[in-house]
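To start, the structure itself, in C-alpha cells.
The values are calculated or read from the model by the stated rules, or taken from the named source; none is laboratory data. As the structure is a prediction and not an experimental result, all values here were calculated from the model. Cβ coordinates were reconstructed from backbone atoms using ideal geometry, including for glycine residues, and neighbour counts include every protein chain displayed. Side chains are part of the model used for accessible areas, which takes the heavy atoms of the whole protein and leaves out ligands, DNA and RNA. Shrake-Rupley method; radii C 1.70, N 1.55, O 1.52, S 1.80 Å.
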Amino acid sequence: MEDDLETPYWHLDRPSTRALRRLPTLTLPVLRLIWESGRRPALVILILQLGAGVATASGLLATAAVLDDLLAAGAAPDRLMAALPSLVLVAAIVALRGAADAAVELARARLEPALRRAAEERLFAAALGVQLADFDDVDFYDGLHRARDRGLFHLDRAVANTIDLIGAACGVTAAAVGLAVLHPLLPPLLAISVLPEAWAVLRAARRGYAGMREMVTLNRRVDMLADLVTEREPAAELRACQAQPYVLSEYRQVADVLKAKETRVGLSMARVRTVGRAAGGLAMAGVLAVLGLMLHDGWIALAAAGTAVIAVRVAATALRQLAQAANQLLEQFLYVADYHDFLADAEARKQPAGGTAAPRSPERVTLHGVGFTYPGSRRPALREINLTIHAGQTIALVGENGSGKTTLARLLAGLYRPTRGVVRWDGLDTAELDQDTLADRVVLVPQQPVRWPHDARTNVRMGRHDRRDPGDHALREAAALAAADDVVAGLPAGWQTLLSKQFRGGHELSAGQWQRLAVARGLFRDGPLLIWDEPTAPLDAKAEYAVYETLRKIAGERTVLLITHRLTSVRHADRIYLLHRGAIAEEGTHEELLALRGRYAELYALQTGTVKR
Ligand SMILES: Nc1ncnc2c1ncn2[C@@H]1O[C@H](COP(=O)(O)OP(=O)(O)OP(=O)(O)O)[C@@H](O)[C@H]1O
C-alpha cells in the first residue's frame, strides 16, 4: 500500500517546479484578468495602497517632528504647544491611513466577486468549446478538473494575496524612505534587522512548498474518497455492497500517511521560523545598540533615533506580511498555472468556427473506411466501416457489449471525428462542414441521458432550448408520443416540478421515467437525422410499445438510426448492421440475416427462445 501511495495509479497530475520558475510570467495573466474584470476597484486599491505608503512615510516624519519638539529645551507646556501642530498632523495621518485601509476593503469587496465571475466564465466557455473526444483524453480531463477544483479557488486567493503583497511592499518602502530622510545610514540598519526573519520566512516557504508538492497526490486521493462518501450517486450501491468499512479503511491508510507528512512539514517550518525569530531578535538588539552608539556620538538626534525604532518595527511588520503573502502566492501560483495551462490547452483544441453549412436534410449519409481510436487507447473502437444511409430509412445497429455501436452513433452525430476514413453528407466531408449546422440536423437520445437538475418542462425543452413553442403545443405533443405525459401528470407541480433531490422541494424520478423524458426531449428537438441509443432499455412494456409506435410513425419522414439489444424491435428496419469488435460483421434485412445463419441468427434465436439444442 505504501508503494501504491508513493507511485499511485491515480497520480495523474505530476507536480512540478515550473510554477516557481514561471512566477513572473504567471503574474501577467492574473494582472490582465484583474484589469479586464475589475479595472476600477483595482485602480482604486492601487492608488489607496500607494497613498497609505505615503501616509506611513509622512507619519514617521511627523512623529520625528513631534519628538523633536517634545525633547527640545524649555518648559513642558511650551514644548507641548510647539509640538501641537505636528501632533495634529500625526493624528490626521493615522485617521487617513485608517480610512485608506477601510476603502481598500470596500474596493476588494467589489473586485473579488467580479474576478471570480470572469475567471469562472472563462473556464466554462473553454470547457464548452472543446469537442467530446477531448473529454476522453485523460490529460485534458485531469487538467480541466484541476483548473476547476483548485485553480479557480486559488486564483481568487492569489488576487487577495497580490493586494496584500502590494500593500506590504508600499509599507516597507515607506518605512525605508522615512528612515533615509532621517539619516542615510538607517535604511541599511533596517535591512540588517529584518534579514534573519525574511530568510526564515522564505526558507519555511520553500519547505512548505516542497511538502505541498509531495502531498498533492495524497490530497487528490482523499478528494476522490470524499466524493465517494458524500455524493448521492454512489450512496446506494456503496451501502448495498456494505463497502462502508472498506472505504473508511482506505481513507485511514491515505489519511495516516498524509497526517505524518503534514506534521513533518509543519514542524520543520515551525523550527525554521523559531530560529528566524530568535535571530531577528538578536539583530534588532544589534540595531538598537548601533542606534545608541550613533546617538552617543551625536550622529543622530534623540528624536530621530526614537522615530527610527518605530520605523524599524513598522517595516519589520510590513516585511513579515510581505513575505507571508509572497509565500502563499508561491503555492497559489502553482494552481493558477494549472488554470492558465488549461485555458491555453482548451484554446488550442477549440474547433475553428465556420465552413460550409451542412445540408438541411441530407439525402445520403456515407461512411468510407471509417475507423476511430479513443484518445490514449491502442485498440481502435471502430475499423473499416463502410455504409450508406438514405433519407427516410430506418437503420439498426446491433451487436454485443463493447462492439462499437455507441461510438459509431456518436461519429454519425458528428460528436467524434473519424481517426481514419471519412463521413460524408450528400458527398460533403463532414469534417469541413460548419459544426453548428451539422449538430443542428441531428437528434441524439443517448444511452444514459442527462438528468437536468431543472423542472420537467426545462428537461424536455432542453432538446432545443431556443425553439419557439407558443402554448407549449410541441412540448405536450413530444411528451404524449414518448409516454412522458403520464409521468408529468403524476408530478406534484406538473411541468413546474423541480427534478432534483439535491435541492429543497425537488422530486426524484425512476430510471424509466427519466428515460421517457429523454425520449420526449429528443422528439421535441426534432431534426432530419434521429439517433436512438438504447432508447427503451429501462422502459416498461407499455412505454416501450408507445416509443416504438412513435418511431414507426415518424420513420419515413426522418432518417432513423436505432441501437438496441432487443432484436425483435429491429425486424422492420430497412437495414441491420451487426457490429463485432468494431467492424461490421453482418448486414442486411432481418430475413437476409436470419438466412445467413450467422451471429445475428444465433442472437435472435437466443432472445426469442427458438435456439436449437
Ligand atoms: N470514452 C472511451 N474511451 C476509451 N475507450 C472507450 C470509450 N468509450 C468506449 N470505449 C471502448 O470502445 C469500445 C466500443 O464501445 P461502445 O460504447 O461503442 O460499445 P457499444 O457497442 O455501444 O457497447 P454497449 O452495448 O455495452 O453499449 C469498447 O471496447 C470500449 O471499451
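The table for this structure:
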item: Charge tally in the Cβ shell below 10 Å around residue 406, where Lys, Arg are +1 and Asp, Glu are -1, residue 406 excluded; result: 0
item: 0 to 90° range, to nearest 10: angle between helix 244-296 axis and the chain longest Cα axis; result: 20
item: Distance from the stretch 518-533 to the stretch 27-73 (C-alpha centre basis), Å; result: 62
item: Residue-normalised accessible area of the stretch 445-500, expressed per residue, 1.4 Å probe, Å²; result: 54
item: Accessible area per residue, Å², the stretch 235-342 with all protein chains present, probe 1.4 Å; result: 53
item: Residue order for 145, 368 - accessible surface, 1.4 angstrom probe, largest first; result: 368, 145
item: Dipole in debye (nearest 20) - the chain, about Cα centre, beta carbon charges: Lys, Arg +1; Asp, Glu -1; result: 400
item: Counting DSSP beta bridges with both ends in the chain, the antiparallel % (nearest 5); result: 50
item: Within-15-Å neighbourhood charge of residue 85 [Cβ basis; K, R +1; D, E -1]; result: -2
item: Share of carbon and sulfur in the accessible heavy-atom surface of the stretch 19-349 [1.4 Å probe, %]; result: 65
item: For the chain: relative contact order, % (alpha-carbon pairs under 8 angstrom, 6 or more apart); result: 15
item: Cα centroid separation - the stretch 422-437 against the stretch 157-235, whole Å; result: 53
item: Net charge of neighbours whose Cβ lies under 12 Å from the Cβ of residue 459, counting Lys and Arg as +1 and Asp and Glu as -1; result: +4
item: Sequence ranges 522-529, 535-542, ranked by mean other-Cβ count within 10 angstrom, highest first; result: 522-529, 535-542
item: Degrees between helix 186-230 axis and first principal axis of the chain (Cα, 0 to 90, nearest 10); result: 20
item: Cα long-axis angle, helix 152-182 against the chain (0 to 90 degrees, to the nearest 10); result: 10
